[in-house]
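So the structure is just underneath, and the comments pick up after that.
None of the figures in this text is laboratory data; all of them are computed from the coordinates on show. Nothing here was measured: the structure is a model prediction, and the numbers come from that model. For neighbour counting, all protein chains shown are included, and Cβ atoms are generated from backbone atoms with ideal geometry for every residue, glycine included.
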Amino acid sequence: AQSVTQLDSQVPVFEEAPVELRCNYSSSVSVYLFWYVQYPNQGLQLLLKYLSGSTLVKGINGFEAEFNKSQTSFHLRKPSVHISDTAEYFCAVMYSSASKIIFGSGTRLSIRP
Amino acid sequence: ETGVTQSPTHLIKTRGQQVTLRCSSQSGHNTVSWYQQALGQGPQFIFQYYREEENGRGNFPPRFSGLQFPNYSSELNVNALELDDSALYLCASSRTGTGGTEAFFGQGTRLTVV
């Protein structure tokens, strides 16, 4: 079955510390992978996406993610977080270019001063 | 901002009523998808419209229906509302035919069924 698993429902981290949000997807020949951020009472904003090519993808707000085909993972990282990064983060996958987006259940990132 | 606008932003309905939610897609986008996001969960795909036809549907009952208009805007209709329909409803527009690999989301409509 097509699915996305976000292994952590909540990740607390201190300000200026590094963070990694984990994501695994069910394997397929081709996938398109995304990370979206959702601030309170708002819609979804695209952070970054992997379509093909380089496995290290850089996005907005200093985030980056690495596509690992052998481990079917697409973990999101940031070397130093800020209070403003407090939000819900969703990993998502498309199995073809015109298909639906399948979302994970989300990871709530909370930043402690 | 993405250029995708949804209306209304908030809505309260009574169980059994019907509701219509609206979405204006981003300029140049011809595909609209609707998602339901229950509290504490990730968005779930309801259906997608392309060229005014339904082009894929998730695991939602027939009382969830939609329309797409010639200007690519869209409506989501839900009949016989149930308490579990309370959720944030998100609309996403994209441009099928060029990969369609980036969807832009609106701010959502928060529906509360009482």
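General remarks:
- Surface/4 of the Cα convex hull for the stretch B:25-109, nm²: 5.6 nm²
- Here the contact order of chain A, divided by its residue count and restricted to Cα pairs under 8 Å and six or more residues apart, works out to 37 percent.
- Where Cα atoms sit under 20 Å apart: lysine pairs in the stretch A:4-112 separated by 8 or more or lying on different chains: 6
- Rg in Å to one decimal, and Dmax rounded to a whole Å, for chain A via C-alpha atoms: 13.4, 43
- Shielding score for A:2-9, defined as the mean number of other chain Cβ atoms within 10 Å: 0
- C-alpha center-to-center spacing [the stretch B:40-64, the stretch A:77-93] in angstrom: 27 Å
- Derived scalar couplings between HN and Hα for the stretch A:73-85 equal 10, 8, 7, 9, 9, 8, x, 8, 8, 10, 3, 5, 7 Hz in order, rounded to whole Hz, by the Karplus curve 6.51 cos²θ - 1.76 cosθ + 1.60 (θ = phi - 60°), x for Gly and Pro.
- Among the trypsin sites (Lys or Arg not before Pro) in the stretch A:1-98, those placed in a DSSP loop whose Cβ has at most 10 other Cβ atoms within 10 Å are A:K69.
- Among beta bridges identified by DSSP and lying wholly in the stretch A:4-112, the antiparallel ones come to about 85 percent.
- Packing, as the average of other Cβ atoms within 10 Å across residues, places the peptides B:62-71, A:28-37, B:84-93 in the order B:84-93, A:28-37, B:62-71, highest first.
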